[in-house]
Amino acid sequence: MAAPAPPLINRVRGLVHHACQIYGGGPALPDLQRAAARLDEPLRVALAGRIKAGKSTLLNALVGQELAATDAGECTRIVTWFRDGHTYRVTANPRQGPPRQLPPGPTGGLLDIDLQGMHADDVERLVVDWPSPALRSMTLIDTPGMGSLTTELSRRTESMLGASGEEDDETEPRASEADAVVYLMRHVHAADVRFLESFRDDPTERRPINTLGVLARADEVGHGRPDALESAAKIAGRYRDDPRVRALCQTVMPVAGLLAVTAATLREDEFRAINVLAEASETELERLLLSADRFATADTEIGLEPARRSALLDRYGMFGVRLSLRLVHSGVATTAGALSRELLSRSGLVPLREALVSRFAARADVLKARSALLATESVLRRYPFPAADGLRHELEVINSSAHEFAEVRLLDTLRGGGLMLTPQERADAERLLGVDGVEPEIRLGLPPGSPQAEVLRGAQATLSQWQRRAEHPASARDVREAARVLVRTSEGLLMGALPPPGGSPMSNAGGQPMSNRPVGGGYDRVVGCS
C-alpha cells in the first residue's frame, strides 16, 4: 500500500524552499522568503469594502478594543495590519527607508497617533501589535475604502489584495498579501460586484472559498427601527440566494458593527446613563427618541445633559440607544455586564466570529498554501529562466494533485451554478465540501459532537450516494468527475471515523488527522528560506 502523501502545507514548504535555493541571491529571493514565512504565520484576513462601509468599526468589534481609527484621518488612508503581540506597539513601514516605531497617541489607539512628520502617502503600511486572543489565529488587515474620492486610496487596497484595478499600471499582477477577505457592503452595489469579480481574473486560484460577505451597519438598513436587524437578516438572505453573489463569496451575514464594538467596550458610566433615561416618563422618552438630533440636543426634564446624550449617541447609534433602553426597562439587562452580553448577542458579531473560525481558520493550511503557491507562481512569471522549469512542473503537480484544491475548484463550480445537479444534491455537495465548516459532523450534516458510530454511518451513506452518482450512466461527464471528488472526500471522512488501529488517528481526504487537528502548524516542518 502506498504511503500517504505529506500534508499539503509541507509540500508547499518544500516547493518554496527549493525556489529559494534556485533564486538565492537574486531579486526574487525576498518575495520567496516572505512566502515561506507566511506559511508559519497566522492566517491573514483583510477587511475590504467601499468607503464608510464600517471596516474599522467591525475590526474594533472583532478585537474587542477600539484600536482602529474610524473617522476620516491620516491613518484611515493607510493599510494597517493588526497582529497579536506581547505589548502594544505601532510600527510604520515607509515606502522609502527602514521601519519606524511610532509613539502611541494620547488615547492609546490610532485616532490620534503621530506619524512623526510622515505623510500618509509616504507610508506603505502600519503594523499594530496588540495582545489579543482574537488575533492569535488570524492577523486582521484594515484597508482604505474602495471608491474613495482619490483613486490612490482604492489602488492601495487593490494592490494589497492582488485585485486588478483599472488604475493599476502594473503589467504583471502580484499575489495578494491576504489569505482571505471579509468584504463589507451596505447594499450590493455594482462597484462591489466589480471588485469581487477582480479576484476571479485567475480562474484557477481566486475563488469565493476565501471571501465572506458582510452586510455591514445592519442596524441602519432598517433605519434604526426595533426590527432593523430582522430586516437586515432578510436582505442578507436574499443576497445569499442570489446566483451572482453566490459565485463571488461564500455567504453574506448581517452585522451591526457599532452595536458590537459598543457591547465589547461598554462602560459602567454608560449603563448608569441608560438607567437614568429608562427611568424617565414614557411620554418624555418617546419625544426624545423621535430623531437623533432631538435626542442629542433637545431641552428635557431628564437629568442627562446634552453632551452626555450626544456621547451616548456617538457610541451606540440611535438603534443601540433604543435597544438598550428596551432591555433595561424590561429587566432583561440589570447590570452593565448583562447589557453588554445582550447587545453582543443581537449584533450579529458572534455568528460572524464563528464563520471566521469554521470557514477560514479551520482551512488555514489550505488558504495559506494557496497564497504561497500564488506568490511562487508570480515569481516564476516575473523571473523566468531555465533552471526554474522544474519548479513550474512541481507547482503544477501540487495544484493538480492536492485534493484540498480539487475541493476548492469544485465548490467554486457549484456556487457558480455550473453543474446539472438537483437543488438537494447541490446543497449536500456544498456542505460536504465544507462550505459550512470542515469538521466531519458538519460536512455530513450531523449535529456537533455526534457519536463516532453515527459519523461512521453518515460517512458510509454519503459515500454510497456519490458513488452511485459517479457511476450512473445518465450522469454527464462533468457531473461524474465532480462526484468522484466527492467520493474521495467521503472516503476520507469514512477513514477518519473508523476505529484507529493501534491508537493512531486516521487521516481525512487531505491527508491530515480528523481529530485533534491543529488549526495551523503542528506538523513536521520542512525548513524554509533563511
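Here is a check on your reading of the model: is residue 108 modelled with pLDDT under 90, closer than 29 Å to residue 182 by Cα and not in a helix (DSSP H, G or I)?
Yes; evaluated as a whole, the condition is true for this residue.
Looking only at the stretch 361-394, count every residue that is of a type in the set (Lys, Arg) and either surrounded by 24 or more Cβ atoms within 10 Å (Cβ to Cβ) or under 13 Å from the mean Cα position of the chain (by Cα) (or both) and tell me the total.
3
Among (1) over 18 Å from residue 343 (Cβ atoms); (2) crowded, with 21+ Cβ neighbours inside 10 Å, where does residue 282 come up short?
Going through the list (1) over 18 Å from residue 343 (Cβ atoms); (2) crowded, with 21+ Cβ neighbours inside 10 Å, residue 282 breaks only (2).
Restricting attention to the stretch 427-456, report how many residues are in a helix (DSSP H, G or I) and not acidic (Asp, Glu).
Qualifying residue count for the region: 11.
Out of all the residues in the stretch 81-90, is one or more in a loop (DSSP other than H, G, I, E, B) and free of Cβ contacts under 8 Å to residues at least 24 places away in the same chain?
No.
Can you confirm whether residue 240 is in contact (Cβ under 8 Å) with a residue 12 or more places away in the chain, outside the structural domain of residue 417 (by TED's automatic domain parsing) and surrounded by fewer than 17 Cβ atoms within 10 Å (Cβ to Cβ)?
Considered against the rule, which asks whether it is in contact (Cβ under 8 Å) with a residue 12 or more places away in the chain, outside the structural domain of residue 417 (by TED's automatic domain parsing) and surrounded by fewer than 17 Cβ atoms within 10 Å (Cβ to Cβ), residue 240 comes out as yes.
May I ask you to verify whether residue 196 is crowded, with 23+ Cβ neighbours inside 10 Å and either of a type in the set (S, T, N, Q) or at pLDDT 65 or above (or both)?
Taking the combined requirement at face value, the residue satisfies it.
Report yes if residue 277 is farther than 25 Å from residue 63 by Cβ and in contact (Cβ under 8 Å) with a residue 12 or more places away in the chain, otherwise no.
In short, yes.
Among the listed residues 358, 340, which satisfies the condition of being within 23 Å of the chain's Cα centre (by Cα) and either in contact (Cβ under 8 Å) with a residue 40 or more places away in the chain or in the same structural domain as residue 442 (by TED's automatic domain parsing) (or both)?
One residue alone meets the criteria, 358.
Go through the stretch 80-94 and report how many residues are touching a Ser or Thr at 6+ places or on another chain (Cβ under 9 Å), buried (at least 16 other Cβ atoms within 10 Å of the Cβ) and of a type outside the set (A, V, I, L, M, F, W, C).
3
Regarding residue 214, is this residue at pLDDT 80 or above, crowded, with 24+ Cβ neighbours inside 10 Å and under 30 Å from residue 295 (Cβ atoms)?
The answer is yes for residue 214.
Does residue 314 fit the bill of being more than 23 Å from residue 47 (Cα to Cα) and charged (D, E, K, R)?
no
Taking the stretch 458-474, which residues are buried (at least 16 other Cβ atoms within 10 Å of the Cβ) and more than 25 Å from residue 420 (Cβ to Cβ)?
458, 459
The values are calculated or read from the model by the stated rules, or taken from the named source; none is laboratory data. Keep in mind it's a predicted model, so treat the numbers as computed, not measured. Using ideal geometry, Cβ is built from the backbone for each residue, glycine included, and neighbour counts are taken over all protein chains shown.
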